[in-house]
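Here's the structure we're looking at; comments come further down.
The values are calculated or read from the model by the stated rules, or taken from the named source; none is laboratory data. Quick caveat, the model's predicted, so the values are computed rather than measured. Ideal geometry is used to build each Cβ from the backbone, glycine not excepted, and the neighbour counts take in all protein chains shown. Protein only, heavy atoms only, side chains kept; ligands, DNA and RNA dropped before computing areas. Shrake-Rupley method; radii C 1.70, N 1.55, O 1.52, S 1.80 Å.
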Amino acid sequence: MTVKIKDKKFKVAISSEKIQKRVSEIAQEMNQKLAGKDVVLISILNGSFMFASDLMKKITFDAKITFLKLASYDADASTGKVKRLIGINESLKDKTVVVIEDIVDTGITMESILWQLKGYQPKEVIIASLLFKKEAFKKDYKIDYIGFDMPNEFLIGYGLDYDGYGRNYGEIYSLILGEKKEINNVLLFGAPGSGKGTQSKEIIKKYNLVHLSTGDILRYAIETNTKLGQEAKQYMDRGGFVPDKLVLDLIEQRLEMNIGTSGFIFDGFPRTVEQAKSLDDLMNKKNLNISGMIALDVEIPELKQRLLKRAKTGNRVDDTPEIIENRIRIYKEKTAPVMEYYKERNKLHVINGSGKIDDIFKEISKIMDTF
Ligand code: AMP
């Protein structure tokens, strides 16, 4: 059986009978292992509500259940950042916490959940995920209970959604791939301070794209003190580049996390010609394409002025006068040549990046509408 949601068609991947049977098996295993413990089940909203509900009906030991949500870190849901866990209003101290998820793919979200839960001093944290994408998983922690190993496909049903719909099905469905997907992947390019972040916010709203800012993701990794953050910090504090390997892994993970979106706006990547070549390889591998590059052209003195102004109100450690000089020097040497790379491929669109934010956005829109 197939179902259609908006522009996409899906076919059954796991029947509801199979799901129910597997949920019963997991519940039985939990009944043996967790009986007698002080258990709190934590269902991560929205996706896991069906799994949590069916599982809860089948367990026989005493357990509380609570529902938590992942809130976007900066109140901007489309940045693709790992999110903050909200809604914990009971003590988890010395409890056996069972995190219930619908799906674990790259593992980034679950890693962040585990890290945040640690602060509540539970006795132990156990993970139960109905679905697990082995191929996409990039982490090394253990998932204690897995319902089904899944290939790296876009899935809906039984709590999982496409753009908010499809959660109601009792089965799990996978996306039927058509011809090459028409996705608008756009590169927003410019020197530090050229307004990429500001314009990205408008673009994602109007064109329904996912914002993929390597700078934002790296800064968040530093704030949350992840391994990636610890490594990136030493380079970023000086205004230097984070090694390609780290940045490319991060881009690949984000692309996988967002299968099924209408496209990405890349901000701060690619920053070198080598990164541009690697991006081409990655796009080919994933059967995606780049619609074009929009470059914001701003004179160097104005860039410096803007960054120094931001330094007064913002909290970026790399906005000091010396580091700003360093970032602009590296931009001229290593990043500016990336424009040439896309020019040779007829993908470069340069627009004047000084002036009113609204006027610049109008110019960007004109180009976006041709993609
Ligand atoms: P941004 O927010 O784009 O100005 O990036 C801030 C800092 O993050 C840069 O100065 C680099 O240290 C690091 N960074 C961001 N994107 C990349 C990238 N594509 N390659 C290497 N380092 C990056």
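Going by what's in this entry, would Leu279 be described as touching a residue at least 24 places away in the same chain (Cβ under 8 Å), within 27 Å of the chain's Cα centre (by Cα), open to solvent by 20 Å² or more (accessible area, probe 1.4 Å) and within 15 Å of the ligand (Cβ to nearest atom)?
So Leu279 fails the test.
Which one of the conditions (1) over 30 Å from Phe154 (Cα atoms); (2) crowded, with 19+ Cβ neighbours inside 10 Å does Arg254 fail to meet, given that it meets all the rest?
Unmet condition: (1).
Kindly establish whether Lys285 is within 30 Å of Met150 (Cβ to Cβ) and away from the ligand (no atom under 13 Å from the Cβ).
Taking the combined requirement at face value, the residue satisfies it.
Please specify each residue of segment 232-247 satisfying the condition of being in a helix (DSSP H, G or I) and open to solvent by 50 Å² or more (accessible area, probe 1.4 Å).
Of everything in segment 232-247, those that are in a helix (DSSP H, G or I) and open to solvent by 50 Å² or more (accessible area, probe 1.4 Å) turn out to be Lys233, Gln234, Tyr235, Asp244, Lys245.
Can you tell me which residues in segment 9-25 are at pLDDT 95 or above and either outside the structural domain of Lys58 (by TED's automatic domain parsing) or open to solvent by less than 50 Å² (accessible area, probe 1.4 Å) (or both)?
Ala13, Ile14, Ser15, Ser16, Ile19, Val23, Ser24
Does Gly229 count as within 30 Å of Ile364 (Cα to Cα), open to solvent by less than 30 Å² (accessible area, probe 1.4 Å) and within 14 Å of the ligand (Cβ to nearest atom)?
no
So, Thr214, is that one among the polar types (S, T, N, Q), within 16 Å of the ligand (Cβ to nearest atom), more than 30 Å from Asp297 (Cβ to Cβ) and in contact with a helix residue (DSSP H, G or I) (Cβ under 9 Å, 6 or more places away or on another chain) or not?
Answer is no for this residue.
Provide a single number: the residues in segment 163-191 that are modelled with pLDDT under 95 and within 16 Å of the ligand (Cβ to nearest atom).
The total comes to 1.
Hey, Asp163 hits all of (1) of a type outside the set (Lys, Arg); (2) at positive phi; (3) more than 19 Å from the chain's Cα centre (by Cα) but one; which does it fall short on?
Result: Asp163 passes all but (3).
Residues in segment 147-167 that are surrounded by 18 or more Cβ atoms within 10 Å (Cβ to Cβ) and part of a strand (DSSP E or B): how many?
6
From Ile367, Ile351, Ile300, grab the single residue that is β-branched (Val, Ile, Thr), in contact (Cβ under 8 Å) with a residue 24 or more places away in the chain and within 16 Å of the ligand (Cβ to nearest atom).
Being β-branched (Val, Ile, Thr), in contact (Cβ under 8 Å) with a residue 24 or more places away in the chain and within 16 Å of the ligand (Cβ to nearest atom) holds for just one of Ile367, Ile351, Ile300, which is Ile300.
Hey, any hits in segment 199-208 for a residue that's assigned by TED's automatic domain parsing to the domain that holds Leu308, surrounded by 18 or more Cβ atoms within 10 Å (Cβ to Cβ) and in a loop (DSSP other than H, G, I, E, B)?
Within segment 199-208, not a single residue is assigned by TED's automatic domain parsing to the domain that holds Leu308, surrounded by 18 or more Cβ atoms within 10 Å (Cβ to Cβ) and in a loop (DSSP other than H, G, I, E, B).
Do the conditions hold for Ile351, that is, is it closer than 24 Å to Met236 by Cβ and touching a Leu at 6+ places or on another chain (Cβ under 7 Å)?
no
Each row is one residue, and each column tells you yes or no for (1) more than 24 Å from Lys356 (Cβ to Cβ); (2) touching a His at 6+ places or on another chain (Cβ under 8 Å).
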position	(1), (2)
Gly195	no, no
Ser200	no, yes
Tyr207	no, no
His211	no, no
Glu223	yes, no
Glu231	yes, no
